[in-house]
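Okay, so here's the structure we're looking at.
The values are calculated or read from the model by the stated rules, or taken from the named source; none is laboratory data. Since we're looking at a predicted model, the values are computed, not measured. Here the Cβ is made from the backbone with ideal geometry for all residues, glycine too, and neighbour counts use every protein chain on show. For the accessible areas, the whole protein counts, side chains as well, though only heavy atoms, and no ligand, DNA or RNA atoms are used. Shrake-Rupley method; radii C 1.70, N 1.55, O 1.52, S 1.80 Å.
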Amino acid sequence: MIHKKILEEHKLTEEEYERIVELIGKEPNITELGIFSLMWSEHCSYKSSKAHLQKLPVTGENVIQGPGENAGIIDIGEGLAAVFKIESHNHPSFIEPYQGAATGVGGILRDIFTMGARPIALMDALRFGPLSLPKNKTITEGIISGIAGYGNCMGVPTVGGDVYFNECYSLNPLVNAFCLGICEKDKIFYAKAEGEGNPVLYVGSKTGRDGIHGATMASAEFGEDLEEKRPNVQVGDPFKEKLLLEACLEVMNKNLIIGIQDMGAAGLTCSTTEMASNAKSGIEINLDLIPQREEGMTPYEIMLSESQERMLLVAKKETVKEVQEIYAKWDLDAVIVGQVTSDQRLKVIFEGITVVDIPVQAVVDMCPLYHRESKVPAYLESQTKLDPIPPPEDYNGTLKKLLSSPTIADKQWVFRQYDHMVQINTALLPGADASVLRLKNKKFALAMTLDGNSLYTYLDPKTGGKIAVAEACRNLACVGAHPVGVTNCLNFGNPEKPEIMWQFQEAIEGIAAACRTFNIPVTGGNVSFYNETEGLSIHPTPVLGIVGLLRDVDKSCSPGFKNTGDVIFLIGKNKDEIGGSEYLKFIWDMEKGQPPQIDLQTEKQVHKVCIEAIAKGLLHSAHDISEGGLAVCIAECAFLGDNRLGCTLHLKDRIRSDALLFGESQSRIIVTAKPENKDALVKIAQGQNVPIEEIGTTGGKNMTVYHNQKKIIDLPVQKSYTTWKQAIPDHFKAR
Amino acid sequence: MSKLRFGVVVFPGSNCDHDTFHVLRNVYGQDTFYLWHKDHDLNNADCIILPGGFSYGDYLRSGAIAKFSPLMKELQEFAHGGGLVLGICNGFQVLLELGLLPGAMLRNKNLKFLCEHVHLKMENDQTPFTNQWQENRVLRIPIAHFDGNYYASSDTIEEIKTNDQIVFRYADREGRITEEANVNGSVENIAGLVNKQRNVLGMMPHPERASESLLGSNDGQAIFKSIIHHLTHSLNYS
């Protein structure tokens, strides 16, 4: 019997151990145990989440590949497929921000090109602690440099993403990396080891001791031993990955291989067992043939290493030579390290001795699943109650302060560090509601966005889940695109705590309901549990990555005001909802109240109006109302226009001015149109039964707002623009 | 008019090779092909382009390893013989390392990668790369680099100026050469320069990213159209 301490180190329970013994019919040796510990970790097995993830809609006419592969695939028409996925790299990015974030980007890129698609866009959802703490600044700078360092070198544009700041991420930043690639839909490659006797090749960087136990590390909370975990973080080499990308795509274009899998989390262990499992075959590899960069590595270390920029592929016997020649052209070695077998076992040879001999299915498919206990968290009762607050005395000052909140402030300081234009497809640059990428020689285009407001999910996970989907789709609608597919990254605390499990269940139900209403399939994603450091959990943070299609790339829309004298309309309806707002958080330091409510059907109708109006060329601008409410939305419309035009609004709602200006009620979009297009626009809204109201006009140098004839806001655009623009850079200047 | 032949060099780590290829073939309609860095053949190109990217990962120093690629021998001969060579971004860095242009690149002054549209003042319309300028001498073209802070000794700078080698300088939208507009800290706001013979241009901004109005600017067109005009009419600037 293996010692208890060893089991603990491998994060396996005694029951799990007994199950392993039963499944493989023997006591596992240490290498075999290491393999099980990785593949049965939360990160690889989804053992706590699987039961709930099944609630998400995963099918649809356009789905080519749903969850379970390296990435999801959607048919986008004209013979093309979009391959996309989002994945977290939270734990490594906290321990070593630059490399942690860089290898997160490297990993998600491999997931995409492994399937035969050329990556054309990256985005990142980032969550940091407040910049007033030096430690958070270091983390923020490191993570952003890491993302830039990797993506820029690869020549894949980072076209957007979102950034939020909240105390709960101080010791637990989130890095969720999204990638999208394009391929011909009949040229997709899968991770399968087919054909007995076919050679198994190892390609890419040499194997070292880096990243051993990365996946198990990502499946536990952090305590005070943080510094010691640094060696668990992998080190990235984007140049090597660029070569790997070009060589792999060349080999795939020539149809020379049968199956391919990248070595990400759980390295050789995961790639060998999954490729065999998918093809119901076996694999035999000889570790002496694995290229190694350190001496004296044990089989345990080689099998568990998470060295980056490595691929495992299965070639046909007759094509091996040509495959190797192509890799050699790109200065990469492709080494035959084993072969496909038919016995459905993973067999590993080291110095002539069989060191692993276990059934593949046991490793990949037989991990026990848990229906963990759930319980409503105690904090909810007090946090959702909001005592009355006095209205602000100075609305101008309040708005200006809100514009300096890093969550709301301009993010160009982040985006300009990313090459967001390489590949020359980026038709709408970062900073708009969604990014738009043209497809060369096509009329239609892709739009994409990431969203997830964790304050809402903290106060009401189900509503928060719905809103995350709704807002992402609304962002797409604002550029003129309709959603076609979803990937999600679910960042939560320790699932062994019933309160966390409750948040998780509720959030999934919300996401599932919204996806069903919008009729969009979830094609995959990633669950990141154990986002806790020293017992403190992050807010539940589901991040939604939604991909949309734009019928005509020449008819996209952007948020900035364009011309003097345009009419400003509100599509949707203002409501008296101030709970869970950035206003309460930043101005009043309160994370309280009920988050805004949402009616999914109404939301959907609002999107339809916006998309139709854009398609008909009626709109000059469109921007959705989100964090900071109507006032911040209008300010952003002014800032994002080339001429920084002002505007005058007359609001008549019977709502308290603070709730009206800063509340975050859903299903609202601010649009502008030429006066002569007014009627046509109103008609479209009426056709969908959506409220629409003319609220003002563009022009002048000031942003002026009247509420029931009383002037409550009058700010020079240029001055408030500087506040908004400089808020984040100023935090980094004082060093 | 018969098509001109443009060769786009591919180093390991080049990543604007496809972009440059795309605009030359599909926007400007020229006969365009890739040149593999390990070969020894320029394939009868009329103009060679060293594209942007991270050749050899920018390891050691941007452009420092690409300089040793086999094809660089033929490129040097081509350039010395008066052939047109355009180095964009990393391509500019390679030209500096090859000694085809004077000076060197330092890290950007803010020590961060910078990607954004900048304004450039065109300073010399008597080159094969700039002969098609009508009136507007201010261009809006994107940059995307970490090491674009141009440096040369004061003697070299004097020489460059005496010979009118400065082609582009970072400017504000009115074309004024200001410290604020000098995004990366380059000496004399230099964004692009030619050799004495005028047949080799290196520039940090990416004209291939400003060749289609859908992407926000067409201002890069003047450069490619100038090259095409020059090659079609065999102009002389000396």
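What the table below lists for this structure:
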item	result
Single residue of the range B:1-24 satisfying the filter (within 11 Å of chain A (Cβ to nearest Cβ) and in a helix (DSSP H, G or I)) that is most open to solvent (accessible area, probe 1.4 Å)	B:H18
Residue match in the range A:283-297 (condition: farther than 20 Å from A:L245 by Cα, modelled with pLDDT of 95 or more and crowded, with 24+ Cβ neighbours inside 10 Å)	yes
Odd one out for A:E87, checked against (1) in a helix (DSSP H, G or I); (2) modelled with pLDDT of 95 or more; (3) open to solvent by 10 Å² or more (accessible area, probe 1.4 Å)	(1)
Output for the range B:184-198, where each listed residue is in a loop (DSSP other than H, G, I, E, B) and either out of contact with any Leu (no Cβ under 7 Å at 6 or more places or on another chain) or open to solvent by less than 10 Å² (accessible area, probe 1.4 Å) (or both)	B:N184, B:G185, B:S186, B:K196, B:Q197, B:R198
Candidate set: the range B:30-40, residues that are open to solvent by 30 Å² or more (accessible area, probe 1.4 Å) and out of contact with any Asp or Glu (no Cβ under 7 Å at 6 or more places or on another chain); chosen: the one nearest to A:G155 (Cα to Cα)	B:W36
Lone unmet requirement of (1) under 27 Å from A:T426 (Cβ atoms); (2) outside any helix (DSSP H, G or I); (3) away from chain A (no Cβ under 11 Å) for B:V94	(2)
Flag if A:G525 is open to solvent by 10 Å² or more (accessible area, probe 1.4 Å), touching a Cys at 6+ places or on another chain (Cβ under 9 Å) and touching a residue at least 60 places away in the same chain (Cβ under 8 Å)	yes
Hits in the range B:108-147 - residues which are farther than 28 Å from A:L428 by Cβ and polar (S, T, N, Q)	B:N124, B:Q126, B:T127, B:T130, B:N131, B:Q132, B:Q134
Residues within the range A:112-143 that are open to solvent by 10 Å² or more (accessible area, probe 1.4 Å) and either in a helix (DSSP H, G or I) or closer than 30 Å to A:I257 by Cβ (or both), tallied	9
Test: residue in the range B:69-87 that is over 25 Å from B:S226 (Cβ atoms), at pLDDT 95 or above, open to solvent by 10 Å² or more (accessible area, probe 1.4 Å) and away from chain A (no Cβ under 14 Å)	yes
Residue list for the range A:703-725, restricted to those being open to solvent by 60 Å² or more (accessible area, probe 1.4 Å) and assigned to a helix (DSSP H, G or I)	A:Q718, A:K719, A:T722, A:K725
The one condition in (1) closer than 26 Å to A:V233 by Cβ; (2) outside any helix (DSSP H, G or I) that A:A81 fails to fulfil	(1)
Filter result for A:K555 (within 14 Å of chain B (Cβ to nearest Cβ), of a type in the set (D, E, K, R), in contact with a Lys or Arg (Cβ under 9 Å, 6 or more places away or on another chain) and open to solvent by 10 Å² or more (accessible area, probe 1.4 Å))	yes
Residue selected from the range A:223-254 under the condition at pLDDT 95 or above and away from chain B (no Cβ under 13 Å), by the criterion surrounded by the fewest Cβ atoms within 10 Å (Cβ to Cβ)	A:K254
Qualifying residue in the range A:467-479 (condition: modelled with pLDDT of 95 or more, closer than 19 Å to A:L53 by Cα and touching a strand residue (DSSP E or B) at 6+ places or on another chain (Cβ under 7 Å))	yes
Residues that are within 14 Å of chain B (Cβ to nearest Cβ) and exposed (fewer than 15 other Cβ atoms within 10 Å of the Cβ), drawn from the range A:315-328	A:E325, A:A328
Selection count, the range A:400-416, where residues are open to solvent by less than 20 Å² (accessible area, probe 1.4 Å), under 14 Å from A:E627 (Cβ atoms) and within 14 Å of chain B (Cβ to nearest Cβ)	1
Among the candidates A:A82, A:A148, residue that is crowded, with 24+ Cβ neighbours inside 10 Å, in contact (Cβ under 8 Å) with a residue 40 or more places away in the chain and within 13 Å of chain B (Cβ to nearest Cβ)	A:A148
A:G161, sole failed condition from (1) out of contact with any helix residue (DSSP H, G or I) (no Cβ under 7 Å at 6 or more places or on another chain); (2) open to solvent by 10 Å² or more (accessible area, probe 1.4 Å); (3) on the phi < 0 side of the Ramachandran plot	(3)
Residue ID - farthest from A:V436 (Cα to Cα), chosen from residues in the range B:200-219 that are outside any helix (DSSP H, G or I) and at the interface with chain A (Cβ under 10 Å from one of its Cβ atoms)	B:H206
Of all residues making up the range B:101-146, the number that are open to solvent by less than 10 Å² (accessible area, probe 1.4 Å), more than 14 Å from chain A (Cβ to nearest Cβ) and in contact with a helix residue (DSSP H, G or I) (Cβ under 6 Å, 6 or more places away or on another chain)	4
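Residue-by-condition table, conditions (1) more than 14 Å from chain B (Cβ to nearest Cβ); (2) within 16 Å of the chain's Cα centre (by Cα); (3) surrounded by 24 or more Cβ atoms within 10 Å (Cβ to Cβ); (4) farther than 19 Å from A:A177 by Cβ:
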site: A:Q423; (1), (2), (3), (4): no, no, no, no
site: A:L428; (1), (2), (3), (4): no, no, yes, yes
site: A:A434; (1), (2), (3), (4): yes, yes, yes, no
site: A:K440; (1), (2), (3), (4): no, no, no, yes
site: A:F444; (1), (2), (3), (4): no, no, no, yes
site: A:L450; (1), (2), (3), (4): yes, yes, yes, no
site: A:Y456; (1), (2), (3), (4): yes, no, yes, yes
site: A:K462; (1), (2), (3), (4): yes, no, no, yes
site: A:K466; (1), (2), (3), (4): yes, no, yes, yes
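This table checks each residue for (1) among the small types (G, A, S); (2) open to solvent by 30 Å² or more (accessible area, probe 1.4 Å); (3) modelled with pLDDT of 95 or more; (4) not in a helix (DSSP H, G or I).
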residue: A:A631; (1), (2), (3), (4): yes, no, yes, no
residue: A:L645; (1), (2), (3), (4): no, no, yes, yes
residue: A:H650; (1), (2), (3), (4): no, yes, yes, yes
residue: A:L660; (1), (2), (3), (4): no, no, yes, no
residue: A:V682; (1), (2), (3), (4): no, yes, yes, no
residue: A:G696; (1), (2), (3), (4): yes, no, yes, yes
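Rundown of residues vs (1) in a strand (DSSP E or B); (2) farther than 30 Å from A:V159 by Cα; (3) more than 14 Å from every other protein chain (Cβ to nearest Cβ), yes/no style:
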| position | (1), (2), (3) |
| --- | --- |
| B:D164 | no, yes, yes |
| B:Y170 | yes, no, yes |
| B:E174 | no, no, yes |
| B:T178 | no, no, yes |
| B:N182 | no, no, yes |
| B:K225 | no, no, yes |
